[in-house]
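Notes follow the structure.
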Amino acid sequence: MAGNHNGQRKAASQINKANGQTGSSQKPDQKAAKKNGHVRSEKADKKDAALARHEPAGTLFAIGGAEDRQDTKIILRNLAERIGSSKLVISTVASDYGDELWDAYRKLFSSMGVKNIKHLDVDHRKESLKDHSLDVLADATAVFFTGGDQLKITTRLGGAALAERIEEIYMRGGIVAGTSAGATALGEMMLVGIPGGGINKVGDVLHMTTGLGLAKNMIIDQHFSERGRIRRLLGAVAQNPRMLGIGIDEDTAISLESDGKFYALGSGAVYVVDGHDLSYTNISEASFSRALSVFGVKLHVLSHGDCFVVNSRQPVHTGAADEDVEKELRIIGEEIV
């Protein structure tokens with residue numbers, strides 16, 4: 001177990017380094033110039049450039065559900081480190097047990113150093129149109145959607161000022177995260193109300209609708225291997241080859257960064273279904289009783305620390321840097337003591 005957690009911590013550390021979350025990357029003259037107010041940070045310049053191109057400067061954090069909340073908490077701890085002293089808003093919109101989830105996640109994030117935490121709970125769409133709901137997001141730089149029913153998120157928030165504000169947080173460099181249904185809602189399209197096995201016959205019903213649209217050209221599915229959802233994701237991509245199908249196991253996450261790459265994090269796997277080169281499917285032409293055919297679809301399976309470049313649709317293996325080994329072993333040693 002210690003070896004596995006060590007490898008996961010190394011990869012998590014490497015992900016944070018890749019996205020400028022270490023404090024030693026600036027040269028001395030850059031630090032001095034910044035202190036005297038003569039030079040804007042490179043990070044700020046990148047945010048402005050991304051906004052000018054209408055590209056997000058922030059991070060999306062999609063978790064496949066059932067993330068570890070008791071042991072090393074690799075996923076939630078990585079998210080908490082990114083949030084730091086900033087304001088986090090926990091949204092329980094998707095759940096009928098909002099108070100219980102709010103209490104659980106508030107305690108978890110607080111125990112990991114996040115102290116400025118607020119609760120967003122909208123039981124009816126009309127509440128999302130009120131100013132006091134929008135006030136909860138004031139000065140927030142991170143939003144976390146709990147699990148439940150993804151349709152509750154989109155029907156209560158979609159098109160409202162709350163959803164626009166959440167998108168603005170993401171566009172301006174903030175973090176928008178979600179677990180289980182909260183992860184699914186981040187995609188451009190989302191699967192809803194389908195039995196776990198998904199479709200096998202052409203005539204099986206595949207229900208899809210629009211998500212919050214933060215993860216462009218993506219359909220995100222969760223509890224993936226645990227609930228046998230590969231067939232339904234294949235069916236979704238067969239219907240929409242432009243979309244990348246992202247299946248995320250439990251206790252596993254992806255962090256989609258502003259540079260167009262996402263990284264796998266956690267104990268399970270991330271499955272990427274790419275239909276860009278799909279050559280044939282019978283989903284629109286065969287009899288309803290016939291089994292689904294799909295030709296030319298690519299399937300990539302990523303484990304902790306692996307990277308996927310969205311624009312080129314190519315996976316990349318990233319090994320842990322040697323300089324991280326002693327640091328990670330020291331952390332593990334401190335936890336054992």
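The numbers here are math on the coordinates, done by the rules we state, and not lab data. Just so you know, these numbers come straight off a predicted model, no measurement behind them. Cβ sites come from the backbone with ideal geometry, for glycine too, and all protein chains shown count toward neighbours.
Quick notes on this structure:
- Three-way shape label, the range 52-173, alpha-carbon gyration tensor, a/c 1.5: oblate
- Taking θ as phi - 60° and the Karplus parameters 6.51, -1.76 and 1.60, the scalar couplings of the range 79-93 work out to 5, 5, 5, 5, 6, x, 8, 6, 7, 10, 10, 9, 9, 10, 4 Hz in sequence order, x denoting glycine and proline.
- Amide H partners (placed H, <5 Å) of F144, local residues excluded: V89, I90, S91, A177
- The length gained on full extension between L134 and N240, counted as 0.36 nm times the residue separation minus their Cα-Cα distance, comes to 34.8 nm.
- What you get for the range 75-226, charging only the Cβ of Lys and Arg (+1) and of Asp and Glu (-1), is a dipole of about 320 debye around the Cα centre.
- Share of pairwise Cα separations in the range 254-300, more than 18 Å, in percent: 52
- Once the convex hull of all Cα atoms in the range 124-283 is built, its volume per residue stands at 110 Å³.
- The range 96-141 shape via C-alpha gyration tensor axes, a/c threshold 1.5: oblate
- For the range 172-249 and the range 66-94, distance of Cα centres in Å: 22
- Summarising the label geometry, the points placed 7 Å from Cα in the beta-carbon direction at S293 and D68 lie 4.5 nm from one another.
- In range of the label at H317: residues from the range 272-286 whose backbone nitrogen is under 19 Å from the point 7 Å along Cα→Cβ: 272
- Each 5 Å bin from 0 upward holds the following percent of the Cα-Cα pairs of the range 205-311: 2, 12, 23, 23, 20, 11, 5, 3, 0.
- The simple Förster model, with R0 at 30 Å and r as the Cβ-Cβ distance, assigns H119 and N217 a FRET efficiency of 0.40.
- Proximal charge balance of D251 [Cβ under 13 Å; K/R count +1, D/E count -1]: -3
- FRET efficiency for H300 and E226, using Cβ-Cβ distance with R0 set to 25 Å, rounded to 0.05: 0.85
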